[in-house]
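Beneath this line is the structure, given in structure tokens, with notes to follow.
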Amino acid sequence: MLKINNLHVKLEDEDKQILKGVDLDVPAGTVHAIMGPNGSGKSTLSYVLSGRDGYEVTEGTATLEGQDILELEAEERAAAGLFLAFQYPVEIPGVGNMTFMRTALNAQRKARGEDEISAADFLKLIRAKAKELKIDADMLKRPVNVGFSGGEKKRNEILQMALLEPRMCILDETDSGLDVDAMKLVADGVNALRDAGRAFLVITHYQRLLDHIAPDVVHIMADGRIVKSGGPELAIEVETNGYADILAEVA
Amino acid sequence: MALPQAKLDATEARLAPLRLPDGAAWARAAREDALSRLRAMGLPGPRDEYWRFTRPDDLNRPDAPPAALHPGDDKPLFSEIDRLKIVFRDGVFDAEASDDLSLEGIEIERLATATATDIHWARDLYGTLEQRGQTPVARPFAALNTAFATDGVVIRATGKVAKPVHLCYLHEETDSDAILHFVVKVEEGADLTLLENGPAAARFNKCLEVEVADGAAFHHVRAQGRDHERRAVTHIFARLGEASTFKSFTLTANGVLTRNEAFIELTGDNATAHIAGAAVGDGTFHHDDTVFVTHDAVNCESRQVFKKVLKNGAVGTFQGKILVKPGAQKTDGYQISQSLLLDEDAQFLAKPELEIYADDVACSHGSTSGAIDEEALFYLRSRGVPASEAQDLLTLAFLAEAIDEIEDQDIAADILGRLEAWLIRHRKD
């Protein structure tokens, strides 16, 4: 599904290299997790993949089902099936949550040459999906993320994911700011979307989230590279011993 | 104080082609008084503080600078709204194109008819509210309007008016110079909605005097646009009675020069005055909102909400004042003026002012200039919304607070549709 090959990325405005040769292969139907200490480049990787401005790819490739995504605009990547659940979902005063989601869904459908969804069908669809995530009508009516609690913001991210049905989902520290109950709700939402045609890349500091979203492969990222990959037991090792041992071992 | 010679000369040059229209003795006197006022204050010059942000040259010159005609829209604004339409073609009332002026709960007469009648209700208002608005700051083009207005209507609402009254302006001569004057009286407990739109003339001077009696409500929604070479100066003078409501919203799209002034006095307790504007400009655009709200009664609320979206050299200006007179306790005054600058060539100039002589009031004002929020833009794009569409969505979100001031949902939807179309036409790509 997602193939990253020797990806080097620097900040556009500064001479600062952040990613220094990332290799990653996330096949359809799998959940990969990336763990790593602060500043290792995890969030940068998610931003570069989703097309945020301010980064420059100096070397390497990233493809989604064979398509070079680094050449695409952010919106084109979304239409191609890439989704980033933000670590800090953005508040947009004045734009209704419902309007936002319908605009996004229809824009993606249009980009794929599909018909736009009618207002009535959309309402039915969003209500059903919202119910599963315990998102009430009020949250749908309010401006995007404005006045939402940390948990509500993350649930709203998962709602968008459920609605847009992307094939490649990147979750950037979705567990940050969540209490145990909220985390479980979010994880249930993610697990409900797991299927053979979809892949997940879960970026997290802690093993906790991975108790709920069981990964197939765990990668450790440090200083802009994947330094170690393994099964779920790698996450437990991090939780028990911290990153120091692993980093020392690969150094 | 004697006026500088240059100002006297400019004023006399402007007056030379104008003639005071005929009318009944009271109307003639009102016009002559206005002319004296104008001669005493003179037309604005480059040194006038009140015209610091806006050059009045095109308004001062004796003839109107020519303006290209717009072919008109397939579906004109407000055309789906059930309304009573009054049409002015280059500043002249067109009876053929207008609806029948009789409607339950309202009296409408052409200005010339009213001002020719010896005993008429409009006598107490014509030029009176305008004159009240001449202090503390002079508004020469309003005095000029009272003196020389050639057409218009006077409207008296006596009950709940069945449908909005729509002043529809058409522009068919490239050099037309129109001066229209409207007098509106909303009687006790009555409720009137006034709509205005359309290119009126190459140069347009419009004055609207509104008396809102105790317990009455006046709603006003106007759109200025589709005539890019327009030069317009408009005034609203409103006086509000006890527990009355005044709400005015203006959409302005493009136009070389537009100055919209409003002078609103809250003279009865518990009255509410809201005035809002959304202006969008691309290129040769100068838009000026100059608002003066006076609180002269207890427990009144006023809101000024002005938003401007500017790009490609467009200039927006705002001068807004809240004056709270001694004894106007429990005043709730709010003023916000904001601009969204879509590129580095656009400019916004603002002068917000508060002047308060009562001690138990809550007044707030704010003025900001900003660019599109890049974080929000990326968030929308990451969900598949194309950049141009995402920018439009954020632009409309910025304007929302002003548009929300329109109470009628159908009218608001019409205005919003007009804005959306403008944004699409003026996209970068």
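Across segment A:114-133, the number of residues qualifying as more than 21 Å from the chain's Cα centre (by Cα), in a loop (DSSP other than H, G, I, E, B) and either aliphatic (A, V, I, L, M) or more than 14 Å from chain B (Cβ to nearest Cβ) (or both) comes to 3. Of the listed requirements (1) within 25 Å of B:F78 (Cβ to Cβ); (2) outside any helix (DSSP H, G or I); (3) in contact (Cβ under 8 Å) with a residue 60 or more places away in the chain, B:Q134 misses just one: (1). Restricting attention to segment A:149-174, the residues that are in a strand (DSSP E or B) and over 18 Å from A:E65 (Cβ atoms) total 2. Checked against the criterion of being part of a loop (DSSP other than H, G, I, E, B), within 26 Å of B:A376 (Cα to Cα) and within 17 Å of the chain's Cα centre (by Cα), the candidates A:G189, A:G177 yield just one match: A:G177.
Within segment B:316-345, the set of residues being farther than 19 Å from B:K247 by Cα, under 18 Å from the mean Cα position of the chain (by Cα) and free of Cβ contacts under 8 Å to residues at least 60 places away in the same chain comprises just one member, B:G316. Looking across segment B:262-297, the residues that are assigned to a strand (DSSP E or B) and either under 19 Å from B:D360 (Cβ atoms) or among the small types (G, A, S) (or both) come down to B:A262, B:L266, B:T272, B:A273, B:A276, B:G277, B:A278, B:A279, B:G281, B:V293, B:T294, B:H295. Would you check which residues across segment A:19-43 are assigned to a strand (DSSP E or B), buried (at least 22 other Cβ atoms within 10 Å of the Cβ) and over 16 Å from the mean Cα position of the chain (by Cα) and list them? A:L19, A:V22, listed by residue number. Selection over segment B:145-169 of residues that are surrounded by fewer than 22 Cβ atoms within 10 Å (Cβ to Cβ) and closer than 30 Å to B:L43 by Cβ gives a count of 3.
Within segment A:44-66, does at least one residue satisfy the condition of being outside any strand (DSSP E or B), of a type in the set (G, A, S), within 30 Å of A:P143 (Cα to Cα) and out of contact with any strand residue (DSSP E or B) (no Cβ under 8 Å at 6 or more places or on another chain)? Yes, because at least one residue in segment A:44-66 is outside any strand (DSSP E or B), of a type in the set (G, A, S), within 30 Å of A:P143 (Cα to Cα) and out of contact with any strand residue (DSSP E or B) (no Cβ under 8 Å at 6 or more places or on another chain). Condition check for A:A111 on (1) surrounded by fewer than 17 Cβ atoms within 10 Å (Cβ to Cβ); (2) modelled with pLDDT of 95 or more; (3) within 12 Å of chain B (Cβ to nearest Cβ): one failure, at (2).
Restricting segment A:159-198 to residues that are within 14 Å of chain B (Cβ to nearest Cβ) and touching a Ser or Thr at 6+ places or on another chain (Cβ under 7 Å), the residue that is modelled with the highest pLDDT is A:I170.
Scanning segment B:129-157 for residues that are out of contact with any helix residue (DSSP H, G or I) (no Cβ under 8 Å at 6 or more places or on another chain) and closer than 21 Å to B:E187 by Cα turns up B:L129, B:R132, B:I155, B:A157.
Among the residues of segment B:363-376, is any at the interface with chain A (Cβ under 10 Å from one of its Cβ atoms), assigned to a loop (DSSP other than H, G, I, E, B) and under 30 Å from A:L163 (Cβ atoms)? Yes, the conditions are met somewhere in segment B:363-376.
Residues that are surrounded by fewer than 18 Cβ atoms within 10 Å (Cβ to Cβ) and in a loop (DSSP other than H, G, I, E, B) occur in segment B:390-407; there is at least one.
Counting only residues that are in a strand (DSSP E or B) and in contact with a Lys or Arg (Cβ under 9 Å, 6 or more places away or on another chain), segment A:8-18 holds 5 of them.
Hey, could you check segment B:346-377 for residues that are surrounded by 20 or more Cβ atoms within 10 Å (Cβ to Cβ) and within 23 Å of the chain's Cα centre (by Cα) and say which is farthest from B:V291 (Cα to Cα)? The extreme case among them is B:A346. Output the qualifying pairs, or none if there are none: Cβ atoms under 7 angstrom, residues six or more apart or on different chains, first residue in segment B:394-421 and without any contact (Cβ under 8 Å) to a residue 40 or more places away in the chain, second residue of a type in the set (D, E, K, R) and not in a helix (DSSP H, G or I). Here the result reads B:L394/B:D373, each pair linking segment B:394-421 to a residue that is of a type in the set (D, E, K, R) and not in a helix (DSSP H, G or I). Within segment B:77-98, how many residues turn out to be crowded, with 16+ Cβ neighbours inside 10 Å and either of a type in the set (A, V, I, L, M, F, W, C) or closer than 21 Å to B:L416 by Cβ (or both)? Number satisfying all stated conditions: 9.
Could you run through segment B:219-246 and say how many residues are under 21 Å from B:A142 (Cα atoms) and either part of a strand (DSSP E or B) or hydrophobic (A, V, I, L, M, F, W, C) (or both)?
Going through segment B:219-246, the residues under 21 Å from B:A142 (Cα atoms) turn out to be B:220-224, B:230-240, B:246.
Cutting the leftovers down to either part of a strand (DSSP E or B) or hydrophobic (A, V, I, L, M, F, W, C) (or both) gives us B:220-224, B:231-240, B:246.
Looking only at that region, the number is 16.
Here is a list: A:A192, A:A214. Which entry is surrounded by fewer than 15 Cβ atoms within 10 Å (Cβ to Cβ), of a type in the set (A, V, I, L, M, F, W, C), in contact with a strand residue (DSSP E or B) (Cβ under 8 Å, 6 or more places away or on another chain) and in contact (Cβ under 8 Å) with a residue 24 or more places away in the chain?
Residue meeting the stated conditions: A:A214.
For segment A:69-102, the tally of residues that are over 30 Å from B:D404 (Cβ atoms), more than 8 Å from chain B (Cβ to nearest Cβ) and part of a loop (DSSP other than H, G, I, E, B) stands at 7. With respect to the conditions (1) within 11 Å of chain A (Cβ to nearest Cβ); (2) in a helix (DSSP H, G or I), B:G384 falls short on a single one, namely (2).
Count of segment B:184-218 residues, restricted to those that are part of a loop (DSSP other than H, G, I, E, B) and out of contact with any Phe, Trp or Tyr (no Cβ under 6 Å at 6 or more places or on another chain), is 11.
On the given criteria, is A:G54 surrounded by fewer than 15 Cβ atoms within 10 Å (Cβ to Cβ) and within 14 Å of chain B (Cβ to nearest Cβ)? Criteria met by A:G54. Hey, can you tell me all the residues within segment B:22-35 that are out of contact with any helix residue (DSSP H, G or I) (no Cβ under 7 Å at 6 or more places or on another chain), farther than 29 Å from B:G320 by Cβ and part of a helix (DSSP H, G or I)? Passing the criteria: B:A25, B:R28, B:A29, B:E32.
Selection over segment B:247-261 of residues that are without any contact (Cβ under 8 Å) to a residue 40 or more places away in the chain, closer than 18 Å to B:L349 by Cβ and assigned to a strand (DSSP E or B) gives a count of 3.
The values are calculated or read from the model by the stated rules, or taken from the named source; none is laboratory data. Nothing here was measured: the structure is a model prediction, and the numbers come from that model. Cβ coordinates were reconstructed from backbone atoms using ideal geometry, including for glycine residues, and neighbour counts include every protein chain displayed.
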